[in-house]
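Remarks on the structure that follows.
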């Protein structure tokens, strides 16, 4: 029997329900939900309760607490995370990528060196594919080189969207015309006209489900990491822990690109040189 008090209306989220869900979201994914966010949490989880055909929050919280609730805990986190993405969002970062970051890295790739980039918190893939388009434009023979882009997110649903690479044509507003012609092809999405990222470009982008708060399975460092508008949802302690992990996974001389409202914590900032608006470069002498 649940130790969460029942309410007269089973679909009403009580204060106890909200606190349990908020604590679980913080434990599972580092998400922070103050009481002011209770209406948002209720709206999003009401959909899950209806989808599961449960009578209300008592039953839903009981499911989350149970051993059988592992999958639903993941679905809950997916429901509570905000997936906002667009192609070439914060365009100045892609100007930096084209003009300063990628040219020397591609010189190394042409000599046989590996090149690894990571879009952390990739949502439905627009960021990762924007990176790939800039890279492919600079180096048309990218498939002949040891180049990979990791695209990771906690939400399996958006990962599947990114892996398919199919988007509404209306999402291409910020994509340069020459890129639209070169890197997209006509497609269908549930009977509607859409566009799809071309297969060669999809081949270098590897989509993986990854909770940033859990162990990271990657064994080697990255030359460039994009983690934009992700850690703003975490508390200061979690943010600081993540910055330290990103430092560890950034290759000496590598790049870390953040969102417009994000800044490195003092514990880590001294290891990086500011190289542009929310763009940082790790000292070449730093080691993991």
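Determine whether the range 174-188 contains at least one residue that is assigned to a strand (DSSP E or B) and surrounded by 16 or more Cβ atoms within 10 Å (Cβ to Cβ). Yes, there is a match, as at least one residue in the range 174-188 is assigned to a strand (DSSP E or B) and surrounded by 16 or more Cβ atoms within 10 Å (Cβ to Cβ). For residues in the range 250-262 being touching a residue at least 40 places away in the same chain (Cβ under 8 Å) and crowded, with 21+ Cβ neighbours inside 10 Å, which is farthest from residue 154 (Cα to Cα)? In this case the residue turns out to be 255.
Among the residues of the range 191-198, are any closer than 23 Å to residue 95 by Cα, under 22 Å from the mean Cα position of the chain (by Cα) and in a strand (DSSP E or B)?
Checked against the condition, which is being closer than 23 Å to residue 95 by Cα, under 22 Å from the mean Cα position of the chain (by Cα) and in a strand (DSSP E or B), the range 191-198 yields at least one hit.
Quick check on my filter: what residues within the range 77-106 are in a helix (DSSP H, G or I), closer than 19 Å to residue 124 by Cβ and out of contact with any strand residue (DSSP E or B) (no Cβ under 9 Å at 6 or more places or on another chain)? Passing the criteria: 78, 79, 91, 94. Residues in the range 220-241 that are under 14 Å from the mean Cα position of the chain (by Cα), touching a residue at least 60 places away in the same chain (Cβ under 8 Å) and within 18 Å of residue 151 (Cα to Cα): 225, 226, 227, 228, 229, 230. When 97, 106, 80 are screened for being touching a residue at least 40 places away in the same chain (Cβ under 8 Å) and more than 16 Å from the chain's Cα centre (by Cα), only 97 passes.
Residue under question is residue 78, and the condition is that it be surrounded by 14 or more Cβ atoms within 10 Å (Cβ to Cβ) and either more than 30 Å from residue 252 (Cβ to Cβ) or touching a helix residue (DSSP H, G or I) at 6+ places or on another chain (Cβ under 6 Å) (or both); does it hold? Judged against the criteria, residue 78 is a match.
Being at pLDDT 95 or above and either over 29 Å from residue 33 (Cα atoms) or touching a strand residue (DSSP E or B) at 6+ places or on another chain (Cβ under 7 Å) (or both): is that true of residue 144 here?
yes
Kindly indicate whether residue 31 is in contact with a helix residue (DSSP H, G or I) (Cβ under 9 Å, 6 or more places away or on another chain) and under 27 Å from residue 211 (Cβ atoms). Criteria met by residue 31. Of (1) crowded, with 19+ Cβ neighbours inside 10 Å; (2) more than 26 Å from residue 227 (Cβ to Cβ), residue 101 satisfies all except one. Which? Failed condition: (2). If the condition is being surrounded by fewer than 20 Cβ atoms within 10 Å (Cβ to Cβ), under 22 Å from residue 28 (Cβ atoms) and touching a helix residue (DSSP H, G or I) at 6+ places or on another chain (Cβ under 8 Å), then the range 209-238 contributes 209, 211, 213, 216, 218, 234, 235, 238.
Going by the structure shown, is residue 158 under 23 Å from the mean Cα position of the chain (by Cα), farther than 30 Å from residue 50 by Cβ and either buried (at least 16 other Cβ atoms within 10 Å of the Cβ) or not assigned by TED's automatic domain parsing to the domain that holds residue 210 (or both)? No; evaluated as a whole, the condition is false for this residue.
The values are calculated or read from the model by the stated rules, or taken from the named source; none is laboratory data. Quick caveat: nothing in here was measured; it's all calculated off a predicted structure. Every residue, glycine as well, gets a Cβ built from its backbone with ideal geometry; the counts of neighbours run over all protein chains shown.
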